[in-house]
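The structure appears right after this line, and notes come after that.
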Amino acid sequence: MMAQPFFELWVYLAATPLARLTLTLVMYAAGWWCYVRTGMHPLANPVLIAVALIVAALVLTDTTYKTYFDGAQFVHFLLGPAVVGLAVPLAREWDSVRRLAVPIAGALAVGSAVALVSAVGIGYALGASPATLLSLAPKSVTAPIAMGIAEKLRGLPALAAVFAVTTGILGAALGKYVLDACRVRDWRARGFALGLAAHGIGTARAFQVNADAGAFAGLAFALHGLLAAILFPLGYWALRGAS
Amino acid sequence: MSPLLAGFTWLLLFQCAGEALVRLAGWPVPGPVAGMALLFFALLVRRSPPESLSVAADGLARHLSLLFVPAGVGVMLHVARVADEWLPIVVALTVSTVLAIAATALTFQWLARRQEGSESEQRG
């Protein structure tokens, strides 16, 4: 008796973006709950937990990614204004940026070169395909910018976004251990490294740990995104022109 | 208009301006990045960000990790490729992230100490 109205409700919900948007926020809330319950343990990353739960739910209900994204795009869309908003911490910190111009420029140049060369070099040495290598190149840059770069390089934008998100989760999860092992205690250096190597997810982690670290993470995240968005296409053109 | 709504409107306006600029000029830069640069220059001229923009930008920044969830679920689309090439992908992502964090933090700390050391020498 009850099955028919429930079936109709399911058909209705499955056809609207509402269910997938709600799923995204509920699973993120579950991930956040786990993260807080473990005392913000770096390995209990809320993005990782949310992605795993959502993938499991989609596979169980036989929903395609395209259908899921119809609802989730409302969340994804906010990445655009969030990237524009990075100008605000950058402008707010401008005095300390100018004062620390040398360490910032040096760390930005060394860090972005190490991230790019080591990812592509290791991938190449272990036999990754060209499309995978091109999608690995921008992996330390935030997902929307990495997708734009991968598109220009003729890599796979969706794969580049996955690599960027994975890198962000890895950086947020492992950053504390790497920085402790390197004996870096300066919060500005710790934050800058997380924002550069692990973009927005590393920045979110840095803000949760220390306000100074968060500000410098946001700075590195913004500068790295800007630098990569300008240099990647120029470098690609130069290489293509030379060959 | 509430500060949050006003700030969010400004962010969208600058994103539109950024998109228009890169499309008209034919630059290979993502629109939001151009929007960020435009907003940054506008804020430098104005000296300090208005309250509304701070509210909207900080609100988005606090929940930044949520915004990456839909892109992360995209791993579903590439299960076959990731399964075929899991070794280079996992090793490249992990090792390069660890190296990038260490190299960035050590460079920053070394240069900041050198600079602050020479500044205190001058003062002393």
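Pairs only if they're at least six apart or on different chains, beta carbon under 6 angstrom, first in the range A:208-220 and at the interface with chain B (Cβ under 10 Å from one of its Cβ atoms), second charged (D, E, K, R) and assigned to a helix (DSSP H, G or I); list them, first residue then second.
Once the first residue is at the interface with chain B (Cβ under 10 Å from one of its Cβ atoms) and sits in the range A:208-220, its partners that are charged (D, E, K, R) and assigned to a helix (DSSP H, G or I) give A:Phe216/A:Arg188.
Among the listed residues A:Val26, A:Val47, which satisfies the condition of being within 19 Å of the chain's Cα centre (by Cα) and either part of a helix (DSSP H, G or I) or farther than 27 Å from B:Val33 by Cα (or both)? Show your work before the answer.
Values: A:Val26 fails: within 19 Å of the chain's Cα centre (by Cα).
So the residue among A:Val26, A:Val47 that is within 19 Å of the chain's Cα centre (by Cα) and either part of a helix (DSSP H, G or I) or farther than 27 Å from B:Val33 by Cα (or both) is A:Val47.
Read through the list (1) farther than 24 Å from A:Pro130 by Cβ; (2) more than 7 Å from chain A (Cβ to nearest Cβ); (3) modelled with pLDDT of 90 or more, then give the number of the only condition that B:Gly59 fails.
For B:Gly59, the failing item is (3).
Is it the case that B:Ala102 is at the interface with another protein chain (Cβ under 7 Å from one of its Cβ atoms), among the aliphatic types (A, V, I, L, M), out of contact with any Phe, Trp or Tyr (no Cβ under 6 Å at 6 or more places or on another chain) and under 28 Å from A:Leu234 (Cα atoms)?
Working: at the interface with another protein chain (Cβ under 7 Å from one of its Cβ atoms): yes; among the aliphatic types (A, V, I, L, M): yes; out of contact with any Phe, Trp or Tyr (no Cβ under 6 Å at 6 or more places or on another chain): yes; under 28 Å from A:Leu234 (Cα atoms): yes.
Yes.
Only one of A:Ala229, A:Ala198, A:Ala206 is buried (at least 24 other Cβ atoms within 10 Å of the Cβ) and more than 19 Å from B:Ser65 (Cα to Cα). Can you tell me which?
Working: A:Ala198 fails: more than 19 Å from B:Ser65 (Cα to Cα); A:Ala206 fails: more than 19 Å from B:Ser65 (Cα to Cα).
The conditions single out A:Ala229.
Among the candidates A:Val117, A:Val141, A:Val162, A:Val83, single out the residue that is buried (at least 24 other Cβ atoms within 10 Å of the Cβ), without any contact (Cβ under 8 Å) to a residue 12 or more places away in the chain and more than 25 Å from B:Arg114 (Cα to Cα).
Numbers: A:Val117 fails: buried (at least 24 other Cβ atoms within 10 Å of the Cβ); A:Val141 fails: without any contact (Cβ under 8 Å) to a residue 12 or more places away in the chain; A:Val83 fails: without any contact (Cβ under 8 Å) to a residue 12 or more places away in the chain.
Criteria check complete, one pass: A:Val162.
Residues are listed down the side, and each one gets a yes or a no for (1) in a helix (DSSP H, G or I); (2) in contact with a helix residue (DSSP H, G or I) (Cβ under 8 Å, 6 or more places away or on another chain); (3) under 30 Å from B:Pro88 (Cα atoms):
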residue	(1), (2), (3)
A:Asp62	no, no, yes
A:Val75	yes, yes, no
A:Pro89	yes, yes, no
A:Pro103	yes, yes, no
A:Leu108	yes, yes, yes
A:Ala115	yes, yes, yes
A:Ala128	no, yes, yes
A:Thr132	yes, yes, yes
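Right, A:Arg154: in a loop (DSSP other than H, G, I, E, B), more than 7 Å from chain B (Cβ to nearest Cβ) and over 24 Å from A:Trp237 (Cα atoms) or not?
Details: in a loop (DSSP other than H, G, I, E, B): yes; more than 7 Å from chain B (Cβ to nearest Cβ): yes; over 24 Å from A:Trp237 (Cα atoms): no.
No.
Residues are listed down the side, and each one gets a yes or a no for (1) more than 26 Å from A:Pro157 (Cβ to Cβ); (2) in the same structural domain as B:Leu12 (by TED's automatic domain parsing):
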| site | (1), (2) |
| --- | --- |
| B:Arg47 | yes, yes |
| B:Ser54 | yes, yes |
| B:His78 | no, no |
| B:Asp84 | no, no |
| B:Ala92 | no, no |
| B:Ser96 | no, no |
| B:Gln115 | yes, no |
| B:Ser118 | yes, no |
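Could you check, for the range A:3-17, whether at least one of its residues is in a loop (DSSP other than H, G, I, E, B), loosely packed, with under 15 Cβ neighbours inside 10 Å, not assigned by TED's automatic domain parsing to the domain that holds A:Leu174 and not aliphatic (A, V, I, L, M)? Break it down stepwise before answering.
Going through the range A:3-17, the residues in a loop (DSSP other than H, G, I, E, B) turn out to be A:16.
Filter again for loosely packed, with under 15 Cβ neighbours inside 10 Å, leaving A:16.
Now drop any that are not not assigned by TED's automatic domain parsing to the domain that holds A:Leu174, which leaves A:16.
So of that shortlist, the ones also not aliphatic (A, V, I, L, M) come out as A:16.
Within the range A:3-17 (the criterion being in a loop (DSSP other than H, G, I, E, B), loosely packed, with under 15 Cβ neighbours inside 10 Å, not assigned by TED's automatic domain parsing to the domain that holds A:Leu174 and not aliphatic (A, V, I, L, M)), the answer is yes, since at least one residue qualifies.
Looking only at residues that are within 20 Å of the chain's Cα centre (by Cα) and hydroxyl-bearing (Ser, Thr, Tyr) in the range A:62-77, which one is nearest to the other protein chains (Cβ to nearest Cβ)?
A:Tyr65
Of all residues being within 20 Å of A:Arg188 (Cα to Cα) and not hydrophobic (A, V, I, L, M, F, W, C) in the range A:104-119, which is farthest from the other protein chains (Cβ to nearest Cβ)? Just the residue, please.
So the residue we want is A:Ser112.
Okay, residues lined up against (1) at pLDDT 85 or above; (2) more than 27 Å from B:Met1 (Cβ to Cβ); (3) more than 7 Å from chain A (Cβ to nearest Cβ):
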position	(1), (2), (3)
B:Pro28	no, yes, no
B:Gly35	yes, no, no
B:Leu38	yes, no, yes
B:Phe41	yes, no, yes
B:Ser48	no, no, yes
B:Val55	yes, no, yes
B:Leu67	yes, no, no
B:Gly72	yes, yes, no
B:His78	yes, yes, no
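The values are calculated or read from the model by the stated rules, or taken from the named source; none is laboratory data. Keep in mind the model is a prediction, meaning the values are calculated, not measured. Note that each Cβ is placed from the backbone with ideal geometry, even for glycine, and that neighbours are counted across all protein chains shown.
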